[in-house]
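Notes to accompany the following structure.
The values are calculated or read from the model by the stated rules, or taken from the named source; none is laboratory data. The shown structure was predicted, so the numbers you read here are calculated from the model rather than taken from an experiment. FYI the Cβ positions are ideal-geometry reconstructions off the backbone, even for glycines, and counts take in every protein chain you see. The area values use the complete protein model at the heavy-atom level, side chains included, leaving out ligands, DNA and RNA. Shrake-Rupley method; radii C 1.70, N 1.55, O 1.52, S 1.80 Å.
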Amino acid sequence: MNSDSADHLLRVEDVHKRYGREEVLRGVSFTMERADTKVIIGASGTGKSTLLRCINKLTDPDQGRVWLENQEITGRRAPVNRIRSQMGFVFQDFNLFTHLPALDNVRIGPQRVKGIRRREATTLAQEALATVGLKEKAQSYPAQLSGGQQQRVAIARALAMSPKLMLFDEPTSALDPELIGEVLEVMVKLAKEGMTMLVVSHEMGFARTVADEIIFMEGGVILEQAPPESMFRNPQHKRTGEFLRKISDLYGESE
Amino acid sequence: MDMQLVFDWAWLPRLSDGLIVTMQLTGACLAGGAALGLLLSLARVYTRGPVYWLASAYVQFFRGTPLLVQLMIIHFGLPTVGIRFEPFISGVVAMGLNTAAYQAEYFRGAIQSVRSGQTLAARSLGMSPLQTVRYIVLPQALRLVIPPWSNELVYMLKYSSIVYMIGVSDLMGVGRTISARSFRFLELFIVVAMMYLAVVLILTFALRWLERRVHVPGLTTTGRRG
């Protein structure tokens with residue numbers, strides 16, 4: 001293995017993915033360090049979500065390698081479940097477990113995957129719910145929560161596993177506008193507390209506030225990668241500038 | 001001709017014994033059928049290739065042929081190749097194999113109506129496929145399957161009456177025997193019908209109670225809300 005892979009928290013190397021005739025990812029490489037927050041932007045269909053899913057192997061990449069610290073999840077005999085349990089994943093449409101109250105949704109990971117005893121797992125779950133500000137909703141079922149609350153429970157569910165990295169796949173896209181703020185607030189808080197986060201999102205306000213870097217994807221490759229201010233002020237590619245202008249018109253540049 | 005309806009209370013203990021046999025038969029075949037049906041449904045949802053095709057062929061065969069024919073094959077056919085069962089066991093085997101095919105379809109429908117995003121979410125936590133099925137899919141599917149499953153229970157209880165043809169003294173069998181001696185066909189079979197009906201009603205209400213008992217807000221057959 002490459003000796004320097006242990007130096008990065010995440011290392012993605014030349015990932016390809018094809019669906020039928022369409023090559024969605026055409027060789028993506030980048031690295032992340034501890035406490036980094038990176039935001040991936042790009043038009044729909046450019047492979048952003050596929051890339052996130054290739055990182056924790058919810059989707060199998062056709063080619064390329066992914067390391068979390070020194071563990072290669074793409075290795076032939078990799079303990080995929082164990083490596084995956086160290087990466088939190090937050091979905092666009094929450095995907096909470098319908099049959100479980102919020103507390104159980106958050107507790108089931110530590111209890112069943114990590115084998116933590118029920119009492120300690122309960123404490124962990126309560127703490128995670130407190131972090132997202134939903135301690136008082138512990139006994140509510142998903143159907144009894146608003147979209148914003150469901151997404152915060154989903155974040156707590158991922159947090160309770162004490163992940164090394166959190167992957168967010170358009171976490172606010174399915175939310176009514178008035179519910180977006182409460183979710184972003186939690187994410188900003190996590191970023192500031194030093195969580196390593198890779199976020200697919202068009203929330204430019206969020207990107208400008210917390211992102212160390214913005215990754216602009218187009219046609220299945222990373223076209224440009226830079227800190228938010230320099231990318232906004234001085235995009236290297238014409239397409240990047242066009243996209244940033246379009247997205248700023250649509251979403252507004254600031255919070 | 002005697003136009004009076006007569007019911008002899010002395011018949012009741014024997015009819016009750018028959019009813020117990022009917023309930024044992026139905027209970028045994030439903031339990032066996034549930035276990036086999038669950039495995040078949042998992043094979044049909046989660047596997048490909050030979051296992052999938054075998055499970056599918058099984059379901060097609062047992063749903064596509066009459067239960068009575070299946071019973072005849074098992075009780076009168078199999079002894080030809082040296083496999084011989086007591087009548088009661090033949091009944092349990094035939095009905096169990098048959099209901100397994102139907103239950104497999106009910107389980108399959110319920111499993112498939114659990115939203116696939118939840119499976120992804122479970123895997124993203126690091127759960128194995130087996131843990132995902134056990135902790136996420138089945139707890140929801142088993143709740144959703146209660147209504148179609150209660151129909152199956154009612155069907156099996158009623159269709160179990162065919163086993164009198166291979167000599168089992170179930171409720172129907174006892175009714176036949178007594179009526180053949182007393183010639184009180186109308187009275188006897190009305191009583192037999194009422195006894196089936198009573199059990200069906202009690203079990204239907206019990207399962208409705210269970211359904212309400214394990215109800216979870218937002219869990220519906222489509223798995224979606226709003």
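Results, tabulated for the structure shown:
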{"quantity": "Residues located in the range B:207-219, provided they are open to solvent by 50 Å² or more (accessible area, probe 1.4 Å) and within 12 Å of B:S150 (Cα to Cα)", "calculated": "B:R208, B:W209, B:L210, B:E211"}
{"quantity": "Flag for A:S248 being surrounded by 19 or more Cβ atoms within 10 Å (Cβ to Cβ) and not hydrophobic (A, V, I, L, M, F, W, C)", "calculated": "no"}
{"quantity": "Selection count where residues are without any contact (Cβ under 8 Å) to a residue 12 or more places away in the chain and surrounded by 15 or more Cβ atoms within 10 Å (Cβ to Cβ), scope the range A:109-122", "calculated": "3"}
{"quantity": "Index of the failed condition, A:Q150 passing every other in (1) under 22 Å from A:I116 (Cβ atoms); (2) out of contact with any strand residue (DSSP E or B) (no Cβ under 9 Å at 6 or more places or on another chain); (3) not aromatic (F, W, Y)", "calculated": "(1)"}
{"quantity": "Residue in the range A:131-151 that is open to solvent by 10 Å² or more (accessible area, probe 1.4 Å), within 17 Å of the chain's Cα centre (by Cα) and within 12 Å of another protein chain (Cβ to nearest Cβ) present", "calculated": "yes"}
{"quantity": "Residue check, B:A121 modelled with pLDDT of 95 or more and within 15 Å of B:G18 (Cβ to Cβ)", "calculated": "no"}
{"quantity": "Residue within the range B:189-207 that is in a helix (DSSP H, G or I) and in contact with a His (Cβ under 7 Å, 6 or more places away or on another chain) present", "calculated": "no"}
{"quantity": "Meets criteria (assigned to a helix (DSSP H, G or I), touching a helix residue (DSSP H, G or I) at 6+ places or on another chain (Cβ under 9 Å) and open to solvent by 30 Å² or more (accessible area, probe 1.4 Å)) for A:F206", "calculated": "no"}
{"quantity": "For B:R14: the one exception among (1) open to solvent by less than 90 Å² (accessible area, probe 1.4 Å); (2) in contact (Cβ under 8 Å) with a residue 60 or more places away in the chain", "calculated": "(1)"}
{"quantity": "Residues satisfying the stated conditions in the range B:17-53, i.e. of a type in the set (D, E, K, R), open to solvent by 50 Å² or more (accessible area, probe 1.4 Å) and assigned to a helix (DSSP H, G or I)", "calculated": "B:D17"}
{"quantity": "Number of the condition not met by B:Q70 [criteria: (1) over 16 Å from B:S161 (Cβ atoms); (2) without any contact (Cβ under 8 Å) to a residue 60 or more places away in the chain]", "calculated": "(1)"}
{"quantity": "Qualifying helices (runs of 4 or more DSSP H) (wholly inside the range B:105-145; at least 2 residues being within 22 Å of B:A34 (Cβ to Cβ) and touching a residue at least 40 places away in the same chain (Cβ under 8 Å))", "calculated": "B:138-144"}
{"quantity": "Residue within the range A:165-184 that is polar (S, T, N, Q) and surrounded by 20 or more Cβ atoms within 10 Å (Cβ to Cβ) present", "calculated": "yes"}
{"quantity": "Residues of the range B:85-108 that turn out to be open to solvent by less than 10 Å² (accessible area, probe 1.4 Å) and among the basic types (K, R), as a count", "calculated": "0"}
{"quantity": "Enumeration of residues in the range A:236-245 that are open to solvent by 40 Å² or more (accessible area, probe 1.4 Å) and of a type outside the set (D, E)", "calculated": "A:Q236, A:H237, A:K238, A:R239, A:R245"}
{"quantity": "The range A:154-169, residues that are assigned to a helix (DSSP H, G or I), within 18 Å of A:D36 (Cβ to Cβ) and either within 9 Å of chain B (Cβ to nearest Cβ) or not hydrophobic (A, V, I, L, M, F, W, C) (or both)", "calculated": "A:A158"}
{"quantity": "Scan of the range A:45-94 for residues that are touching a residue at least 60 places away in the same chain (Cβ under 8 Å), in a strand (DSSP E or B) and either of a type in the set (A, V, I, L, M, F, W, C) or open to solvent by less than 10 Å² (accessible area, probe 1.4 Å) (or both), ordered by number", "calculated": "A:W67, A:L68, A:M87, A:G88, A:F89, A:V90"}
{"quantity": "Conditions (1) part of a helix (DSSP H, G or I); (2) of a type outside the set (D, E); (3) within 14 Å of chain A (Cβ to nearest Cβ): number failed by B:P217", "calculated": "(1)"}
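For (1) within 14 Å of another protein chain (Cβ to nearest Cβ); (2) open to solvent by 40 Å² or more (accessible area, probe 1.4 Å); (3) out of contact with any strand residue (DSSP E or B) (no Cβ under 6 Å at 6 or more places or on another chain); (4) over 19 Å from B:T99 (Cα atoms), each residue gets a yes or a no:
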site	(1), (2), (3), (4)
B:A110	yes, no, yes, no
B:R115	yes, yes, yes, yes
B:T119	yes, yes, yes, yes
B:L125	yes, no, yes, yes
B:L130	yes, yes, yes, yes
B:V145	yes, no, yes, no
B:L153	no, no, yes, no
